[in-house]
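The values are calculated or read from the model by the stated rules, or taken from the named source; none is laboratory data. This is a predicted model, so every value here is computed, not measured. Every residue, glycine among them, receives a Cβ derived from its backbone with ideal geometry; neighbour counts consider all protein chains shown. Surface areas here come from the heavy atoms of the whole protein model, side chains and all, with no ligands, DNA or RNA. Shrake-Rupley method; radii C 1.70, N 1.55, O 1.52, S 1.80 Å.
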Amino acid sequence: MLAKQWLDNARNVMDKIESTQMENIKKVAVIMADSIEKGKWVHTFGCGHATLPIEEMYPRIGGFVGFHPIVELPLTFFTNITGQMGVDQFIFLERVEGYGREIMKGHNFDKEDTMWLFSHTGVNAVNIDIALEAKEKGMKVIVFGSAAEARGKTTKHSCGKTLFELADLVVDSCAPSEDASVHLKNHIDKIGPVSTMAFVTTVWMTVTTVAEILADRGVKLHIHPSHNIPGDSTSKQRLADALKEYKRRVASV
């Protein structure tokens, strides 16, 4: 069954992440924990399906305040497929140099913040714009993506560098460059992409490590709780407290 092939491929990617990326995950988690402990932000950004790990991170059950999602609607909402905000427009926009600079104008940043970027290939202009602007503002830039597979690829940005080359630290998602991983009979193109699974895996490995570091330092985390557990009489208040803290902190952004 092709289902088993995809599952094997996904497990292989996760195993490779565990065997090769743990040290870098620890390093980036320390940088992120430092920002959050200082009351600053870990800003998160990606395009297309690379926005899914951002949406997975916060707000959601088990996430905590400290991660600020920057999700630009034309770069993520292309599920119309055709017509308004369709796939063609999305592919065009993510390659437009300067668009990322305009996105950054909509927010306030601090040099103690961290910028966390997701990109499978690391070559498109919008992500590179964001990285360049973040570095100019003094932020550390962390990039997650298929770094090893991207070696030798040509950037689409005039700076001449890929996103991985600009990063202060990189965590390799270990996904294959073509993303789709399963051969299909009588077809040229493969099916069964694994990059989203890889991104979500590395996200939770990182976020749980950040939480562990902060808890060991004695920092109180404002965690987004499950509010559907029978008998938990305080979950709604804990949720309200977490959202109140987010609202307080995001006012400066």
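Brief remarks on what is shown
- Temperature 25 °C, viscosity 0.890 mPa s: under these conditions the Stokes-Einstein estimate for the stretch 174-219, based on its Kirkwood radius over C-alpha pairs, is 191 µm² per second.
- In plain terms, if you count all Cα to Cα distances in the stretch 1-74 and split them into 10 Å steps from zero, the share in each step is 17, 32, 37, 12, 2, 0 percent.
- Based on DSSP H segments of at least four residues, each scored -39500 (n - 2.57), the chain has a per-residue ellipticity at 222 nm of -13500 deg cm²/dmol.
- Bins of 10 Å from zero: percent of alpha-carbon pairs in the chain: 7, 29, 35, 22, 7, 1
- Fraction of antiparallel bridges per DSSP, the stretch 117-253 only, in percent to nearest 5: 25
- Acute angle (nearest 10 degrees) that the helix 2-20 long axis makes with the longest principal axis of the chain, alpha-carbon atoms: 60
- Mean-position separation - Cα centroids, the stretch 194-240 and the stretch 1-78, in angstrom: 13
- Portion, in percent, of the accessible area of the stretch 84-226 that falls on carbon or sulfur, probe 1.4 Å: 51
- Tilt relative to the chain, helix 125-136 - C-alpha long axis, 0 to 90 degrees, to 10: 40
- Based on Cα atoms of the stretch 50-147, Rg over Rh with Rh as the Kirkwood radius reads 0.96.
- Accessible surface area normalised per residue over the stretch 142-215 is 46 Å², counting heavy atoms of protein chains with a 1.4 Å rolling probe.
- Summed over the residues of the stretch 41-112 and divided among them, the accessible surface reaches 49 Å² per residue at a probe radius of 1.4 Å.
- Computed packing ranks the peptides 65-73, 7-15, 81-89 as 65-73, 7-15, 81-89, most packed first, by mean other Cβ atoms within 10 Å.
- Mean projection area, nm², convex hull over Cα of the stretch 103-253: 13.1
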